[in-house]
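J.: Okay, handing you the structure first.
Coordinate-derived values only; no laboratory data. Quick caveat, the model's predicted, so the values are computed rather than measured. Please note: Cβ atoms are built from the backbone with ideal geometry, for glycine as well, and neighbour counts cover all protein chains shown.
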Protein chains: 2
Amino acid sequence: MNQRPRVTIRDVAREAGVSVTTVSDALSGGGRLSEATRVKVSVVADRLGYIPNPSARHLRKGRTGTIGLYFPDRVLGLEYYMTLAVGAAEGALRHDLALTLIPGWRDSRRVASFHLDGMILADPVLGDPVLDELRRQRVPVVTCERDLSPGSQPVGRVESDNEAAMRGLLDHLRDQGARRTALIASDATTSWGHDLRAAYGAWCGRHRVTPQIQDVPLVSHPDEVAHAAEILLTGRRRPDAIISAMDGSAIGVLQAAERHGLRVPDDVLVASCVDGADLRQSTPPVTAIDIQPRVMGQWAAELLAEVLAGTQPSGTVRTLETHLVPRASTGGDR
Amino acid sequence: MNQRPRVTIRDVAREAGVSVTTVSDALSGGGRLSEATRVKVSVVADRLGYIPNPSARHLRKGRTGTIGLYFPDRVLGLEYYMTLAVGAAEGALRHDLALTLIPGWRDSRRVASFHLDGMILADPVLGDPVLDELRRQRVPVVTCERDLSPGSQPVGRVESDNEAAMRGLLDHLRDQGARRTALIASDATTSWGHDLRAAYGAWCGRHRVTPQIQDVPLVSHPDEVAHAAEILLTGRRRPDAIISAMDGSAIGVLQAAERHGLRVPDDVLVASCVDGADLRQSTPPVTAIDIQPRVMGQWAAELLAEVLAGTQPSGTVRTLETHLVPRASTGGDR
DNA sequence: GACCAGAAAAGAAACGTTTCTGCACCCCCT
DNA sequence: AGGGGGTGCAGAAACGTTTCTTTTCTGGTC
């Protein structure tokens, strides 16, 4: 029905009065052609609006020109992953790759049907069966943050120095007067969660502070976070600062504080490890760590593209800078 | 480098002792084969882990098996589009199509290099040059909400009855005691914005209420929304309810109200036309219209797939239900 | 016993590229 | 004058499918 007639390399060849070989070489820069032929062909190709058929090209080259972005199903709606996805699409486009979205899928064999050249794993979760399947299929993988699975052999990795970021945040809170900073964090099934907890523990040890951690799921209902916060705020050792790690979760802490008549930042400081629109717009705005998800996505896609092209060695790791964004919730904007 | 040897249809044929034709027919259900051969081939294919090469298949069939999702660059980070994107990916997967993300691109010719079978346009914006390019290229398009561009001929459309939703919201506010409801809305360059304004105007006329509209950009800084809200709240005819249409914007209204010592919902009701996590978590939670972006994305992808497959006529329109979610900001949860 | 119909399967072309190899031609050297 | 080495281009195979056409059987009918 929608058969728009495509102009092929043969059409260009006929129109330019040369062979298809010559057209291919002229447009790709290969072969041994005179400059005159090259421009002649280019002009004709342009005039005809010739666009190489990617399927044919990929069939011939043994690649699909497509990489996938995989993220766990449950993270749906987290701003962080949306931003990362857009960044990845941009990075892929820059290398003439298409970026296919793979929401956490039920049938893990399905992913193989796309013959993807590679995959980006955003925050791989320990124990995700999909990771095993990808390993079995020997799909080249770049991870955002580390993959904790034993035997994981990504061809590349993009990461943030989350431990340093956590230390910086803890220092900031201390500078703002906090002496008992508690942490609400998800489990250690992602390297991000693991590193934050480790850095928190180490920092507390160094500063002779008793660590207080409340566990919540990586993607949790706001009420769960609020509940965790209330446990802290009504406990024997009420903290004077709370870090709520997960994307969008700090709002729950604000609510809990309000419910108990505590004012932020006067009575308790609040901060988050993932910045987002909600934290910028809340009352008060919440101090957070900007982990630059868009750049993370771009870097991951570009790194994967480069490793696939062979211009970067397998196993390359790139580290992204994080920035502390002080806001009113820690009195940090003053 | 990552040359994992693929098993081809020829391998299956050799192993099963039949021709490639037979394998193809057996696996696709075509041809005239005995049931015995069919199962024999399937078993062998399964054992060998055969997965058809999509490039070869698409080359032969004249399609790429890939559809694109286009959304304006600036909407980055809006939860609505993330959710829609995931829904679209799910819907596409269900029809064995890949979903490629196309962030608002600079070089509009680039999109043609993917030879996409079709595109989903999420909230097409009037005047977007990309729309013209797609029309020129005769790419089959399904839009989420209407495309207001003159001459637009999408092969399908998924939409919500935004006018009805707006009327329902206005009725709700009236039931909660509001007599002067103001609207903060974006311009009419999307059909969504257009319909909301139209419905608001009509409703006001019918109820003999003087309409008050404040204009803000579709994607606006929270401060802009707060500023618009303040103009309303400090004006001569202070509204007793404010609808802030855009995704995530109602938070700005809450802030403005608080700044002026007005309590929500006691002094002023607040509602939004796009539900989101921020509205669920704010204090108070904000009444909103749930427009089911995930389903919207699913439907768009499936409709496009069906039109491309010819099982649905071009021009099909599907309408999604919207739901009013009353929350504390309008006293509606009581 | 030849013929035919239909079923079951094989053969071969085609999709649009890329790339390896081959073929002229020209210039230069001896 | 005949070879040798570039240069500029064309031919053809190959990538892995799908699909149109053809062949090979089998069994039944006159």
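J.: Counting only other chains, and only Cβ atoms inside 10 Å, what mean value do you get across the residues of A:92-102?
T.: For peptide A:92-102, the averaged partner shielding equals 5.
J.: Taking K and R as +1 and D and E as -1, what net charge do the other residues with C-beta under 14 Å from the C-beta of residue A:174 add up to?
T.: Summing Lys and Arg as +1 and Asp and Glu as -1 gives +2.
J.: Could you work out the local net charge near residue B:15, counting Lys and Arg as +1, Asp and Glu as -1, over the other residues with Cβ closer than 11 Å to its Cβ?
T.: Charge balance in the 11 Å sphere: +3.
J.: Rounded to the nearest 20 debye, what is the charge dipole size of chain A about its Cα centre when +1 sits on each Lys and Arg Cβ and -1 on each Asp and Glu Cβ?
T.: 940 debye
J.: Moving on to the next point. Taking the axis about which chain B rotates onto chain A, which residue of B lies nearest it as judged by Cβ position, and how many whole Å separate them?
T.: Residue with the nearest Cβ, plus whole-Å distance, for chain B: B:82, 2.
J.: Further question on the same structure: So what's the angle, to the nearest 10 degrees on a 0 to 90 scale, between helix B:35-48 and the longest Cα principal axis of chain B?
T.: Compared with the principal axis, the helix lies near 70 degrees.
J.: Using only Cα atoms, locate the centre of the stretch B:231-273 and the centre of the stretch A:251-321, then give the distance between them in Å, rounded to an integer.
T.: Distance between centres, Cα-based: 29 Å.
J.: While we're here: What is the helix-to-structure angle for B:222-233, meaning the angle in degrees between its Cα long axis and the longest Cα principal axis of chain B, kept from 0 to 90 and rounded to the nearest 10?
T.: Orientation of helix B:222-233: about 30 degrees from the principal axis.
J.: Ranked from highest to lowest mean number of other Cβ atoms within 10 Å per residue, what is the order of the peptides B:239-248, A:57-66, A:89-98?
T.: Ranked by mean Cβ neighbours within 10 Å, highest first: B:239-248, A:89-98, A:57-66.
J.: I would also like to ask the following. Would you mind giving the mean number of other chain beta-carbons within 10 Å of the Cβ of each residue in A:83-91, as a whole number?
T.: 4
J.: Further question: Once the other residues with Cβ under 12 Å from the Cβ of residue B:306 are scored (Lys, Arg +1; Asp, Glu -1), what is the net sum?
T.: With Lys, Arg at +1 and Asp, Glu at -1, the net is +1.
J.: Next up: For residue B:156, list long-range residues whose amide hydrogen, built 1.01 Å from N in the peptide plane, is under 5 Å from its own amide hydrogen.
T.: Residues meeting the amide H criterion: B:141, B:143, B:315.
J.: For residue A:320, what residues show an amide H to amide H distance below 5 Å, using hydrogens built from the backbone and excluding near sequence neighbours?
T.: HN-HN under 5 Å from residue A:320: A:159, A:160, A:161.
J.: Quantify how strongly other chains surround peptide A:277-288 by giving the mean number of their Cβ atoms within 10 Å of each of its Cβ atoms.
T.: Per residue, the number of nearby Cβ atoms from other chains is 5 on average.
J.: Run down the aspartates and glutamates and flag those whose C-alpha is under 18 Å from the C-alpha of residue A:61, throwing out any fewer than 8 positions away in its chain.
T.: Qualifying aspartates and glutamates at Cα under 18 Å: A:25, A:96, A:117, A:306.
J.: Would you please classify the overall shape of the stretch A:156-262 from the alpha carbon gyration tensor, given that a ≥ b ≥ c denote the square roots of the eigenvalues, rounded means a/c under 1.5, and beyond that prolate means a/b larger than b/c while oblate covers the rest?
T.: Since a/c reaches 1.5 but b/c is at least a/b, the shape of the stretch A:156-262 is classed as oblate.
J.: Sticking with this one: State the answer as a single residue: which of B:217, B:298, B:19 lies farthest towards the positive end of the charge dipole of chain B, with beta carbon charges of +1 for Lys and Arg and -1 for Asp and Glu, about the Cα centre.
T.: B:19
J.: By the gyration tensor of its Cα atoms, with a ≥ b ≥ c the square roots of the eigenvalues, what is the shape of the stretch B:82-164: rounded for a/c under 1.5, prolate for a/b over b/c, or oblate?
T.: It comes out oblate by the Cα gyration axes.
J.: Looking at the protein assembly as shown, send over the antiparallel percent of its DSSP beta bridges, to the nearest 5.
T.: Taking every DSSP beta bridge within the protein assembly as shown, about 10 percent pair in antiparallel fashion.
J.: Putting +1 on Lys and Arg Cβ atoms and -1 on Asp and Glu Cβ atoms, find which of B:328, B:310, B:281 reaches farthest to the positive end of the dipole of the stretch B:273-334.
T.: B:328
J.: When the dipole is taken about the Cα centre of the stretch B:157-242, and only Lys, Arg (+1) and Asp, Glu (-1) are charged at their Cβ, what size is it in debye, to the nearest 20?
T.: Result for the stretch B:157-242 is approximately 540 debye, rounded to the nearest 20.
J.: Next question, about the same structure. Treating the angle as unsigned and between 0 and 90°, give the value, to the nearest 10°, between the Cα long axis of helix B:250-259 and the longest Cα principal axis of chain B.
T.: The answer is roughly 30 degrees.
J.: Right, here's the next one. So if I place +1 on the C-beta of Lys and Arg and -1 on the C-beta of Asp and Glu, and nothing else carries charge, what would the dipole magnitude of the stretch A:198-321 be about its Cα centre? I want it in debye, nearest 20.
T.: Here the size comes out at about 460 debye.
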